[in-house]
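Contents: one structure, followed by commentary.
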Amino acid sequence: MRLIQLSRDSIAFPSPEGALREPNGLLALGGDLSPARLLMAYQRGIFPWFSPGDPILWWSPDPRAVLFPDQFHLSRSMKRFHRNSPYRVTLNHAFERVISECADDRDEGTWITPEIIDAYKRLHELGHAHSIEVWEDKELVGGVYGVAQGSLFCGESMFSRRENASKTALLVFCQHFLSYGGKLIDCQVLNAHTASLGAIEIPRREYLEHLSTFRPQHLASYCWVPQILS
């Protein structure tokens, strides 16, 4: 296995099965963040992730972290909180603000560079990237953003400025996504936060099979129209 250098003249990617074992899932470097290349990456189960000053790195880890939206883990304390929640949740009302807040919500530094923000803003303008916003009165206090692939949603990042704000975003989105036929949320790499909400690890091969099945299953267009969810 070797790291592949992408050409700027082609948006083709190597097979995810050729990704390195260490670091886990590193597949290729280079290319660009054009909408066509990003969409091709997501269609192949690949995503960009790199630090400021580094070349663009492309990943497809094994195992893959996923959340089946009907298996969201709602703890008793979160259930009580949500029943009397002070928050309002919207969809696609403030994409740029959500991705910018995600970039700022990292004590250890961020991979969400201005280049990444511009690239995903373009995907949003084209109708492929979406945000979920959590508001307390008029203040944005939490959110999630990602990329839709049919009935699969590729979650990219989330942030929280108040108690349970990001949990609220994901909970309400899971309910909305399910109601329109959504089947799976890609969480990329498992962490303690997503695991506590019901995310699990599956083999990359199984994730790619799900992607192949769910990507052609287009949801009703109203699923992604800017709206109040809760």
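The values are calculated or read from the model by the stated rules, or taken from the named source; none is laboratory data. Just so we're clear, the structure is a prediction, and the values are computed from it rather than from any experiment. Neighbour counts run over all protein chains shown; Cβ positions are idealised from the backbone, glycine included. Accessible surface is based on the protein model in full, side chains and every heavy atom, while ligands, DNA and RNA are left aside. Shrake-Rupley method; radii C 1.70, N 1.55, O 1.52, S 1.80 Å.
Structural remarks
- Solvent exposure, largest accessible area first (probe 1.4 Å, DNA, RNA and ligands not counted), of Thr90, Thr110, Thr213: Thr213, Thr110, Thr90
- Carbon plus sulfur fraction of accessible area for the range 92-230, probe 1.4 Å, in percent: 49
- Rounded to the nearest 10 Å², the accessible area of Asp54 at probe 1.4 Å: 80
- Between Leu126 and Gln175, the simple label model (points 7 Å from Cα in the Cβ direction) yields a spacing of 3.3 nm.
- Taking label positions 7 Å along the Cα-Cβ direction at both Gln227 and Glu115, the computed distance is 3.7 nm, reported to one decimal.
- Separation of alpha-carbon centers, the range 138-158 and the range 54-76, rounded to whole Å: 12
- By the Cα gyration tensor, the range 65-228 has an equivalent ellipsoid whose semi-axes, rounded to whole angstrom, run 22, 19, 17 from largest to smallest.
- In this structure, Ala12 and Ala192 have a Cβ-Cβ separation that, at R0 = 41 Å, corresponds to a calculated FRET efficiency of about 0.70.
- Helix 95-104 and the long axis of the chain differ in direction by around 80°, with both axes built from C-alpha atoms.
- With all protein chains kept in place, the per residue accessible area of the range 4-61 amounts to 44 square angstrom at a probe of 1.4 angstrom.
- Protein-only accessible surface order, largest first, of Glu115, Glu125 at 1.4 Å: Glu125, Glu115
- With a simple spin-label model that places each label point 7 Å from the Cα along the Cα-to-Cβ direction, the separation between Asp104 and Arg162 comes to 1.6 nm.
- Counting only DSSP H runs of at least 4 residues, each contributing -39500 (n - 2.57), and dividing by the residue count of the chain, the helix-based mean residue ellipticity at 222 nm comes to -9000 deg cm²/dmol.
- Carbon plus sulfur fraction of accessible area for the range 4-61, probe 1.4 Å, in percent: 56
- Solvent-accessible heavy-atom area per residue, rounded to whole Å², over the range 65-228 at 1.4 Å: 46
- Rounded to the nearest 10 degrees, the inclination of helix 114-125 to the longest alpha-carbon principal axis of the chain is 70 degrees.
- Magnitude of the charge dipole, the chain, Cβ model with Lys/Arg +1 and Asp/Glu -1, debye to 20: 640
- Of the residues Phe173, Gln71, His128, the one whose Cα sits farthest toward the positive end of the charge dipole of the chain, with +1 on the Cβ of Lys and Arg and -1 on the Cβ of Asp and Glu, is Gln71.
- In the context of the full protein assembly, Trp59 retains an accessible surface of approximately 30 Å², using a probe radius of 1.4 Å and ignoring ligands and nucleic acids.
- Here the extension length gained between Glu139 and Gln43 equals 31.1 nm, from 0.36 nm per residue of separation less the Cα-Cα distance.
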